[in-house]
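The values are calculated or read from the model by the stated rules, or taken from the named source; none is laboratory data. Predicted model, so just to flag it, every value in this text is computed and none were measured. Every residue, glycine among them, receives a Cβ derived from its backbone with ideal geometry; neighbour counts consider all protein chains shown.
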Amino acid sequence: MRGHGDERMSEQVIIVGSGPAGHTAALYTARANLKPVMFEGQAAGGIPGGQLMTTTEVENYPGFPDGIQGPELMEAFRRQSLRFDTRIFTEDVTEVDLNKHPFTVTSAERTLTTQALIISTGATAKRLNLPGEKTLWTRGMSACAVCDGALPIFRNKVLVVVGGGDSAAEESTFLTKFASKVYLVHRRDALRASKIMQERVFKNKKIEVLWNTVVTDVLGEDVVSAVRLKDVETNTERELACGGLFYAIGFTPNTELFKGQLEMDDLGYLITKPDSTHTSVPGVFACGDVQDKKYRQAVTAAGSGCMAAMDCERWLAENEK
């Protein structure tokens, strides 16, 4: 039986996670005749296909001049992986053992061993879980201004950004290119952002910071039309009319499986060696948002998936037994 401790029968490469990074890694390893197996996930860390599955219009992925829906783009990625005979299991990995080689990867349905492992489990955007979020997410709500801010739904509208760090400052500034006005809502009386990012916010006439304020709900029938705000000092509430709400309160990398086995930074992102996708364990590679807290774009994730596949192929060739 494949994958139960017999090294001769172990897989050559297993990919944990899907999304642009995972599927690009699958495509490249498949075409290198490594016969990849992918655990695309089921419920853990989001849904199969990654964050693009909860994105509507994607206008900044090269090759689609008229834009494409996020789920449609990911379905095309998946079909391409399958065309080159990637074996895909729609299962969550529940355990990995990287302490001995070959590595062991376990889901509720199966246990496989593998010579190499590519991790593309992504990161999950932190949300406020507002009452109106279930119906209005992607309908004027987003966790990525750079991805979605230029969409027609947000143009010339009043927009609200929640956060106080560098990403909140950066996203607020970015949105002023398209919005009529941007409100930056922060629960404290000072931003955590770096000084240079704060200066950009304060100098921008289109941005108004709402201090000591939290968003308690998002309102609208079919699309966002307002947010409910609360002053944390006085507890008074009010509604603010707007055409969009952006979260910039951070991401959580989906790395729980690898704690204690792979080197991570203080936020939990996997650390890769400079100019490579090699992790702290030889034969284990990381790509996409699970190791990228800076760019977090579909195209950069896909690029790093290609890098991981090429690193993996070279490593396997060098370590062939």
Item to complete: Might you let me know whether segment 226-234 holds any residue that is buried (at least 21 other Cβ atoms within 10 Å of the Cβ) and either in contact (Cβ under 8 Å) with a residue 40 or more places away in the chain or farther than 19 Å from E133 by Cα (or both)?
Response: yes
Fill in: Candidates G305, G283, filtered to the one that is surrounded by fewer than 24 Cβ atoms within 10 Å (Cβ to Cβ) and either at pLDDT 95 or above or outside the structural domain of I119 (by TED's automatic domain parsing) (or both)
G283
Worksheet item: Out of curiosity, is S167 of a type in the set (G, A, S) and closer than 12 Å to F246 by Cα?
Response: yes
Practice prompt. Can you tell me which residue among G70, G17, G22 is over 16 Å from C306 (Cα atoms) and either in contact (Cβ under 8 Å) with a residue 40 or more places away in the chain or not charged (D, E, K, R) (or both)?
Written response: G70
Worksheet entry | Residues of segment 152-179 satisfying the condition of being of a type in the set (G, A, S), out of contact with any strand residue (DSSP E or B) (no Cβ under 6 Å at 6 or more places or on another chain) and part of a loop (DSSP other than H, G, I, E, B) | G163, G164, G165
Worksheet item: Does E40 meet the test of being in contact with a Pro (Cβ under 6 Å, 6 or more places away or on another chain), at negative phi, in the same structural domain as D311 (by TED's automatic domain parsing) and not aliphatic (A, V, I, L, M)?
Response: yes
Worksheet item: G132 versus (1) over 16 Å from I14 (Cβ atoms); (2) not assigned by TED's automatic domain parsing to the domain that holds D222: which is the lone unmet condition?
Response: (2)
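Any residue that is within 17 Å of the chain's Cα centre (by Cα), of a type in the set (D, E, K, R) and buried (at least 17 other Cβ atoms within 10 Å of the Cβ) - is there at least one of those in segment 9-28?
First, the residues of segment 9-28 that are within 17 Å of the chain's Cα centre (by Cα): 15-25.
From what's left, of a type in the set (D, E, K, R): none.
No, segment 9-28 contains no residue that is within 17 Å of the chain's Cα centre (by Cα), of a type in the set (D, E, K, R) and buried (at least 17 other Cβ atoms within 10 Å of the Cβ).
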Discussion item. Tally up the residues in segment 286-298 that are closer than 28 Å to A317 by Cβ and either surrounded by fewer than 24 Cβ atoms within 10 Å (Cβ to Cβ) or out of contact with any Phe, Trp or Tyr (no Cβ under 8 Å at 6 or more places or on another chain) (or both), please.
Written reply: 4
Fill in: Unmet criterion (only one of (1) in a strand (DSSP E or B); (2) at pLDDT below 95) for V105
(2)
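Please go through segment 38-63 and give me each residue that is free of Cβ contacts under 8 Å to residues at least 40 places away in the same chain and loosely packed, with under 15 Cβ neighbours inside 10 Å, ordered by number. Reasoning before the result, please.
Filtering segment 38-63 for residues free of Cβ contacts under 8 Å to residues at least 40 places away in the same chain gives 47, 49, 53, 63.
Hit for segment 38-63 is G63, nothing else.
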Worksheet item: Of these, G164, G149, which one is free of Cβ contacts under 8 Å to residues at least 60 places away in the same chain and out of contact with any Gly (no Cβ under 8 Å at 6 or more places or on another chain)?
Response: G164
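A quick yes/no check of all residues on (1) surrounded by 21 or more Cβ atoms within 10 Å (Cβ to Cβ); (2) touching a Cys at 6+ places or on another chain (Cβ under 6 Å); (3) modelled with pLDDT of 95 or more:
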{"position": "V146", "(1), (2), (3)": "no, no, no"}
{"position": "A150", "(1), (2), (3)": "no, no, no"}
{"position": "L175", "(1), (2), (3)": "yes, no, yes"}
{"position": "A179", "(1), (2), (3)": "yes, no, yes"}
{"position": "R188", "(1), (2), (3)": "no, no, yes"}
{"position": "T216", "(1), (2), (3)": "no, no, yes"}
{"position": "G220", "(1), (2), (3)": "no, no, yes"}
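A quick yes/no check of all residues on (1) assigned by TED's automatic domain parsing to the domain that holds G140; (2) of a type in the set (D, E, K, R); (3) under 22 Å from Y28 (Cβ atoms); (4) touching a Ser or Thr at 6+ places or on another chain (Cβ under 7 Å):
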site: G49; (1), (2), (3), (4): no, no, yes, yes
site: T54; (1), (2), (3), (4): no, no, no, yes
site: Y61; (1), (2), (3), (4): no, no, yes, no
site: F64; (1), (2), (3), (4): no, no, yes, no
site: R78; (1), (2), (3), (4): no, yes, yes, no
site: T86; (1), (2), (3), (4): no, no, yes, no
site: D92; (1), (2), (3), (4): no, yes, no, yes
site: E95; (1), (2), (3), (4): no, yes, no, yes
site: T106; (1), (2), (3), (4): no, no, no, yes
Discussion item. Looking at the structure I just gave you, is D275 among the acidic types (D, E) and within 29 Å of Q69 (Cα to Cα)?
Written reply: no
Worksheet item: Within the group V209, V182, which residue is in a strand (DSSP E or B) and closer than 23 Å to T56 by Cα?
Response: V182
Item to complete: Being within 23 Å of E40 (Cβ to Cβ) and outside any strand (DSSP E or B) is the filter; apply it to segment 127-145 and report the residue that is farthest from the chain's Cα centre (by Cα).
Response: T138
